[in-house]
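Participant: Just passing along the structure, written as structure tokens.
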Amino acid sequence: TDATPNLLGDYHIPSTSSAVNAGAISKSGVNAPTSDFDGNIRPSAGGYEIGADETVLSVLSIVRTSATNPTTASTVGFTVTFSSPVIGVDQFDFALATTGTISGTSIVSVGGTGATRTVTVNTGTGSGTIQLNLIDNDTIRVSATNRLGGTGVGNGNFTSGELYTLDRTPPTVLSIVRASANPTVASLVNFTVTFSESVTAVDGADFSLISTGTIAGASITSVGGTGTTRTVTVNTGTGSGTLRLDLIDNDTIRDVVLNRLGGTGLGNGNFTPGPSYTIDRDPPTVVSILRTNANPTVASVVSFTVMFSESVIGVDKFDFSLVGDGTLAGYSITSVGGTGATRTVTVNTGTGSGLLRLDLVDNDTIKDATGIRLGGTGAGNGNYTGPSYNVR
């Protein structure tokens, strides 16, 4: 028979025996299962029914011993729980699985008795995940005949336990972008700041405003948001110019495991230069009106080039006036072409001789990209008296 007694003096038949649950039922109900029959209808064929300690031994769980996860700890612990009290557990029964940049990990110790063991692990260097796996080498057992997973290497493996996330990578600023129209005359504008991971302790002291031109009195009014994103609201002050937002690392911003922005040390997480708003509160003006043809002239058509101080819209022939003298008659503006800061005004010189001048008469329709009107709001404050052709 294969019901051979083991060396520990246990005369139960082994769990691998063909005699397990092979007995005959002699009378209905007589051989009904009891705790000795391991929950089976038929008893085993032998002197002793298979015992409770012969239930196939298994790993019930491998869980983290620390509630802190993610972590930056140099050592972490795992609790391994078996289905029964066991012997023969040591570090050679375990293997570490890692991801990311983690390297140099090792099992430091295996402690505990009974059905539970605590495995302490050195987390090495780098960031990623660490998982503790049990690799059955047939040394873990309840008795000489009841080995983990049953006799045989690998049949008791457990590779689905909890893992630790090791986060030693400091957060960084990915971007700062404008979140409002640009250019602008707005008193308040927003910037969106995006970090590489969720961070805390971000406030106005982490930012700096850089201005050019005549801008004065600009300030950071609020910093809102959570996680990886913050919205920085800025008062644009007075004047015109550019207004830039930079992040200056003062070592207060950190991630969930307290890694500091850019790593420990002031300035190593700086983000500069950030983007700028063009704050344009200056009204456009006419810089010049120039003749574009020979002068004096006998041409029936001549042109003028009009230059503004900045790009403008809303320019048409109703913004101009022709003034002629002598015998000139029938002159007229035939077209206005161009974009941006330049326009070409084409004029029919009519008949007769004399001086023909082109003036710009501000009717408050010309304005820049931010809606500021030529010369400022009000008709006539952007007027410009132009040059004359001598028409012969």
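Participant: Quick one: order 135, 313, 107 from most to least accessible surface, probe 1.4 Å.
Facilitator: Order by accessible area, largest first: 313, 135, 107.
Participant: In debye, nearest 20: dipole of the stretch 134-228 around its Cα centre with unit charges on the Cβ of K, R (+) and D, E (-)?
Facilitator: The dipole of the stretch 134-228 has a size of about 80 debye.
Participant: Please list the non-local residues whose amide H lies under 5 Å from the amide H of residue 174, H modeled 1.01 Å from N, same-chain partners needing a gap of 5 or more.
Facilitator: Result for residue 174 returns 194, 195, 196.
Participant: Can you work out ³J(HN,Hα) from phi for every residue in the stretch 352-364, in order, using Karplus 6.51 cos²θ - 1.76 cosθ + 1.60 and θ = phi - 60°, giving whole Hz and x for Gly and Pro?
Facilitator: For the stretch 352-364, the Karplus curve yields x, 10, x, 8, 10, 10, 10, 10, 9, 10, 5, 10, 6 Hz.
Participant: Please give me the summed charge of the neighbours of residue 121: other residues whose Cβ is under 15 Å from its Cβ, Lys and Arg +1, Asp and Glu -1.
Facilitator: After counting each charged neighbour, the total is -1.
Participant: Using the heavy atoms of the protein chains and a 1.4 angstrom probe, tell me the accessible area per residue for the stretch 110-257 in square angstrom.
Facilitator: Here the residues of the stretch 110-257 average 40 Å² of exposed surface.
Participant: Related question: With a 1.4 Å probe and all protein chains kept in place, how do 256, 391 rank by accessible area, largest first?
Facilitator: Descending accessible area places them as 256, 391.
Participant: Among residues other than residue 139 whose Cβ falls under 14 Å from its Cβ, what is the net charge (Lys/Arg +1, Asp/Glu -1)?
Facilitator: -1
Participant: Please label the shape of the stretch 189-347 as rounded, prolate or oblate, based on the square roots a ≥ b ≥ c of the eigenvalues of the alpha-carbon gyration tensor (a/c under 1.5 means rounded; beyond that, a/b larger than b/c means prolate, else oblate).
Facilitator: prolate
Participant: Could you give the dipole magnitude of the chain about its Cα centre, charging the beta-carbon of Lys and Arg +1 and that of Asp and Glu -1, in debye to the nearest 20?
Facilitator: 1300 debye
Participant: Which whole-angstrom value gives the distance between the alpha carbon centres of the stretch 323-392 and the stretch 81-120?
Facilitator: Each part's Cα centre sits 89 Å from the other's.
Participant: Another question, if that's okay. Roughly how many percent of the accessible protein surface of the chain is carbon and sulfur, given a 1.4 Å probe and a whole-percent answer?
Facilitator: It is 53 percent, rounded to a whole number.
Participant: Let me ask something additional. Report ³J(HN,Hα) in whole Hz for each residue of the stretch 373-386, in order, from the Karplus equation J = 6.51 cos²θ - 1.76 cosθ + 1.60 where θ = phi - 60°; Gly and Pro get x.
Facilitator: 7, 3, x, x, 4, x, 5, x, 7, x, 4, 8, 8, x
Participant: Could you point to the residue in 151, 383, 352 farthest towards the positive end of the chain's charge dipole, with +1 and -1 charges on the Cβ of Lys/Arg and Asp/Glu respectively?
Facilitator: 352
Participant: Mind putting a number on the dipole of the stretch 161-282 about its Cα centre? Charges go on the C-beta only, +1 for Lys and Arg and -1 for Asp and Glu, and I need it in Debye to the nearest 20.
Facilitator: Dipole size: approximately 220 debye.
Participant: Pick from 369, 379, 294: which is most flexible by mean-square fluctuation in a GNM of the chain where alpha carbon atoms under 10 Å apart are linked?
Facilitator: 294
Participant: Separate question: Taking θ as phi - 60°, what are the ³J(HN,Hα) couplings along the stretch 142-148 by the Karplus curve (6.51, -1.76, 1.60), each to the nearest whole Hz, with x for Gly and Pro?
Facilitator: Values, residue by residue: 8, 9, 4, 9, 10, 9, 3 Hz.
Participant: List every residue whose amide H lies under 5 Å from the amide H of residue 353, counting only residues 5 or more places away in sequence or on a different chain, with H placed 1.01 Å from N in the peptide plane.
Facilitator: 327, 328
Participant: Using the Cα gyration tensor of the chain, with a ≥ b ≥ c the square roots of its eigenvalues, what is the shape: rounded (a/c below 1.5), prolate (a/b larger than b/c) or oblate (neither)?
Facilitator: Prolate is the answer for the chain, as a/c is 1.5 or above and a/b outweighs b/c.
Participant: Between residue 200 and residue 248, what is 0.36 nm times their sequence separation minus the Cα-Cα distance? Round to one decimal in nm.
Facilitator: Stretched fully, the residue 200-residue 248 segment lengthens by 15.8 nm.
The values are calculated or read from the model by the stated rules, or taken from the named source; none is laboratory data. Nothing here was measured: the structure is a model prediction, and the numbers come from that model. Note that each Cβ is placed from the backbone with ideal geometry, even for glycine, and that neighbours are counted across all protein chains shown. Heavy atoms of the whole protein, side chains included, go into the accessibility calculation; ligands, DNA and RNA do not. Shrake-Rupley method; radii C 1.70, N 1.55, O 1.52, S 1.80 Å.
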